[in-house]
Amino acid sequence: MNLRLLQSFYDGPDFLAKLRAKVDVLKHLENDEYDRDKQILDVYAVDPIRYIEDFALIKVNKAQGSPPKPFFLFDYQKKIILKIMELENADQESELLIDKPREMGITWLLCAYFEWRFLFTPNYSSFILSRSEEEVDDGTRTPDGSIFGKFRWMLDRIPKYLIPISYQRKVIRGTTTDMNLKLINPTIGSSITGSSTNSEAGRSRRYSTTWVDEVFAIDRFSEVYRAL
């Protein structure tokens, strides 16, 4: 993330107000199971921005032991999410190019969005590609090395009542729901699948949405594009 922009936000009154509101929401949901179930269905299952701001955490500082931070979205991040949803809801094949300057939190944002889809959208399938398989999934639950590391790290830090009952987390060996290059939510049939950008990527099936990371750094992208 842009550290100067973030630090000015963390030092300002808006962050403290949003943090207090978030804590109040989480306490209420923890203590009122009936209203929690209603809020999950009526609010969080349909509004990714509310889900991200109330539940998602990010790692800002890569130093070991640095505490997670609440993922409060800037306006440009909200616009990206709304644009993705607009194109998905149009029910036709669309492409969106997102400018990705370093330290602007775009990878975290897209991980949070696809995590929301994974948790709440039945039969939704995300397909995630980057230059190498290790950049997509290095097999860990740490967010610094790969995209799937971020997915797992974020899933580990949301309340347990949001985790699908049948989801089993990968520890050393993979499970039927958390394996190399794939996460599955068997409760609603959603999934996140990863691949390197090879010429066969995506040929085997269709996906709800495909995210190609750092597209202009990919060699022979026209071959990958044809496969997709």
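The values are calculated or read from the model by the stated rules, or taken from the named source; none is laboratory data. Computed from a prediction, not measured in an experiment: that's the story for all the values here. A quick note on method: Cβ atoms are made from the backbone with ideal geometry, for glycine too, and the neighbour counts reach across all protein chains shown. Surface accessibility is based on the protein's heavy atoms, side chains included, excluding ligands, DNA and RNA. Shrake-Rupley method; radii C 1.70, N 1.55, O 1.52, S 1.80 Å.
Quick notes on this one:
- Scanning segment 133-162 for residues being open to solvent by 40 Å² or more (accessible area, probe 1.4 Å) and not charged (D, E, K, R) gives a total of 4.
- The set of residues in segment 113-132 that are of a type in the set (Lys, Arg) and in a loop (DSSP other than H, G, I, E, B) contains only Arg131.
- Subset of segment 66-82 (residues that are open to solvent by 40 Å² or more (accessible area, probe 1.4 Å) and either closer than 12 Å to Pro48 by Cβ or of a type in the set (Val, Ile, Thr) (or both)): Lys78, Leu82
- Residue in segment 196-207 that is under 24 Å from Phe71 (Cα atoms) and touching a helix residue (DSSP H, G or I) at 6+ places or on another chain (Cβ under 9 Å) present: no
Yes/no per residue for (1) closer than 17 Å to Pro164 by Cα; (2) open to solvent by 40 Å² or more (accessible area, probe 1.4 Å); (3) of a type outside the set (Lys, Arg):
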| residue | (1), (2), (3) |
| --- | --- |
| Leu16 | no, yes, yes |
| Arg20 | no, yes, no |
| Arg36 | yes, no, no |
| Ile58 | no, no, yes |
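- Every pair of residues 6+ apart whose Cβ atoms lie under 8 Å, when the first sits in segment 8-25 and is touching a residue at least 24 places away in the same chain (Cβ under 8 Å) while the second is open to solvent by 60 Å² or more (accessible area, probe 1.4 Å): Tyr10/Lys69
- Test: Asp42 is in a helix (DSSP H, G or I), acidic (Asp, Glu) and in contact (Cβ under 8 Å) with a residue 12 or more places away in the chain: no
- Of the criteria (1) open to solvent by 30 Å² or more (accessible area, probe 1.4 Å); (2) in contact with a strand residue (DSSP E or B) (Cβ under 7 Å, 6 or more places away or on another chain); (3) aliphatic (A, V, I, L, M), which one Leu96 fails: (2)
- A Cβ distance below 9 Å, combined with a sequence gap of six or more or placement on separate chains, defines the contacts here; from segment 51-65, residues that are at pLDDT below 95 reach residues that are among the hydrophobic types (A, V, I, L, M, F, W, C) and open to solvent by 30 Å² or more (accessible area, probe 1.4 Å) in the pairs Val60/Leu3; Asn61/Leu3.
Yes or no, residue by residue, for (1) more than 24 Å from Met85 (Cβ to Cβ); (2) aromatic (Phe, Trp, Tyr); (3) part of a loop (DSSP other than H, G, I, E, B):
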site	(1), (2), (3)
Glu103	yes, no, yes
Thr107	no, no, no
Cys111	no, no, no
Thr140	yes, no, yes
Gly145	yes, no, yes
Pro164	no, no, yes
Ile172	yes, no, yes
Ile192	no, no, no
Asn198	yes, no, yes
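- Test: residue in segment 147-157 that is modelled with pLDDT under 90, of a type in the set (D, E, K, R), in a loop (DSSP other than H, G, I, E, B) and farther than 15 Å from Asn180 by Cβ: no
- Residue list for segment 174-190, filter: at negative phi, in a loop (DSSP other than H, G, I, E, B) and either among the aromatic types (Phe, Trp, Tyr) or open to solvent by 10 Å² or more (accessible area, probe 1.4 Å) (or both): Gly174, Thr175, Thr176, Asn180, Pro186, Thr187, Ile188
- Residue match in segment 101-110 (condition: under 23 Å from Asp137 (Cα atoms), in contact with a helix residue (DSSP H, G or I) (Cβ under 9 Å, 6 or more places away or on another chain) and open to solvent by 60 Å² or more (accessible area, probe 1.4 Å)): yes
- Residue check, Leu119 modelled with pLDDT of 95 or more, among the aliphatic types (A, V, I, L, M) and open to solvent by less than 60 Å² (accessible area, probe 1.4 Å): yes
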